[in-house]
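One structure is given here, and the rest of the page talks about it.
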Amino acid sequence: MFGSQFYNQQTSWQEIKSVLEVMEGGRWTSVYTYDHFVPPWTRTADVAQSDLLPTLEGWAMLAGMAAVTSKLELGVLVSGNTYRHPALVAKMAATIDEISGGRCILGIGAGWNVREHEAYGWTYPSMRERQDRLEEACELIQLLFTAERFVDFNGQYYTLKQAPFAPKGVKRKIPLMVGGTGPKRTLRTLAKYGDIMNAICGPEDLKRHWSIVEKHCEDVGRDPSEIKRSVHVPMRIVRDEKEAERIRRGNPWTMIGPVNYVIDRCADFIAAGVDEFCLQSIRQRPDLYAELNEEIFSAFD
């Protein structure tokens, strides 16, 4: 139920391994990286001094994490579709699934970071085209994961000709996580092809997003119970309530505060139907991961 997205910037492999060791020994169930080439701290094309911070590539980082863990599920939260051909992403996920013994999750989104596209020479399509590409990519990936023989695919943006695809999944079909909550396009793509929904929101908004997913599932003839719900939200123990309130900045569902406050907010999400927490912005220190495991997660044993 409890996972965390590591940050890729200003970190080291030794730091990563030290936190993974604590997670493996505790109640943690999953770990994610992000798919950015500079710290994702701005939504503009402006060049920032923080762009110079050393930043590890998310998929390569995930492969290393697969090799040094044994129980945690592993994913990129989420892979920008515009950065790579979806068939390549599917092959990368299948390879990591093989390395990990069947623990990879393929997370994908439409892509949003204009700064990275301009910096590295990638085309930054319109929102409509990025959503079209995402839907087509998800269809292609699921076809590769399920086809028994060679794959032909003739889409508007992607083409495969007698493409083989093996290995597929070690224990199960690799789950496809679709990031985002756009009601007309993203959630419909999820309903058609996704296995896991990932949203940044509070419990009430999660219920609203899920009702839209259920409607899309009805339209496309899919059972919504086949889709899991995950949220990408912060969690931090701050024992001083006044300081915690300042940090929350008016977002009451943000799980930052004294232990009982965090447990109560966590319970609100669970009541809203959450299957997994993909926690964000936890400093990569073993003691902080151990603290959450012992003081928060133990309340849900």
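The values are calculated or read from the model by the stated rules, or taken from the named source; none is laboratory data. Bear in mind that the values here come from a model prediction, so they are computed numbers and not experimental data. Glycine also receives a Cβ, built like all others from the backbone with ideal geometry; neighbour counts cover every protein chain displayed.
Here are a few things to note about the model shown:
- Of the helices (runs of 4 or more DSSP H) lying entirely inside the range 1-111, those carrying at least 3 residues that are of a type in the set (D, E) and modelled with pLDDT of 95 or more are 13-24.
- Set side by side, the residues A110, A93 differ, and just one is crowded, with 20+ Cβ neighbours inside 10 Å, touching a helix residue (DSSP H, G or I) at 6+ places or on another chain (Cβ under 6 Å) and under 16 Å from M177 (Cβ atoms), which is A110.
- Residue in the range 144-152 that is within 25 Å of F37 (Cα to Cα), free of Cβ contacts under 8 Å to residues at least 60 places away in the same chain and assigned to a helix (DSSP H, G or I) present: no
- The range 256-301, subset part of a strand (DSSP E or B) and touching a residue at least 40 places away in the same chain (Cβ under 8 Å), residue surrounded by the most Cβ atoms within 10 Å (Cβ to Cβ): C278
- In the set L53, L62, L77, only one residue is of a type outside the set (S, T, N, Q), under 25 Å from E136 (Cβ atoms) and out of contact with any helix residue (DSSP H, G or I) (no Cβ under 8 Å at 6 or more places or on another chain); that residue is L77.
- All helices (runs of 4 or more DSSP H) inside the range 153-255 with 2 or more residues being closer than 30 Å to S70 by Cβ, among the aromatic types (F, W, Y) and in contact (Cβ under 8 Å) with a residue 12 or more places away in the chain: none
- Residue selection: R115 satisfies the criterion of being surrounded by 14 or more Cβ atoms within 10 Å (Cβ to Cβ), basic (K, R) and in contact (Cβ under 8 Å) with a residue 60 or more places away in the chain.
- Candidates V259, V233, V238, filtered to the one that is over 15 Å from G194 (Cβ atoms) and touching an Asp or Glu at 6+ places or on another chain (Cβ under 6 Å): V259
- Selection from the range 19-72 of residues that are in contact with a Phe, Trp or Tyr (Cβ under 9 Å, 6 or more places away or on another chain), within 18 Å of A290 (Cα to Cα), surrounded by fewer than 19 Cβ atoms within 10 Å (Cβ to Cβ) and not small (G, A, S): V22, R27, T29, K71
- Verdict on P234 being more than 26 Å from G25 (Cβ to Cβ) and either of a type outside the set (A, V, I, L, M) or within 20 Å of the chain's Cα centre (by Cα) (or both): no
- When residues of the range 96-107 are limited to those that are small (G, A, S) and out of contact with any Gly (no Cβ under 8 Å at 6 or more places or on another chain), the one surrounded by the most Cβ atoms within 10 Å (Cβ to Cβ): S100
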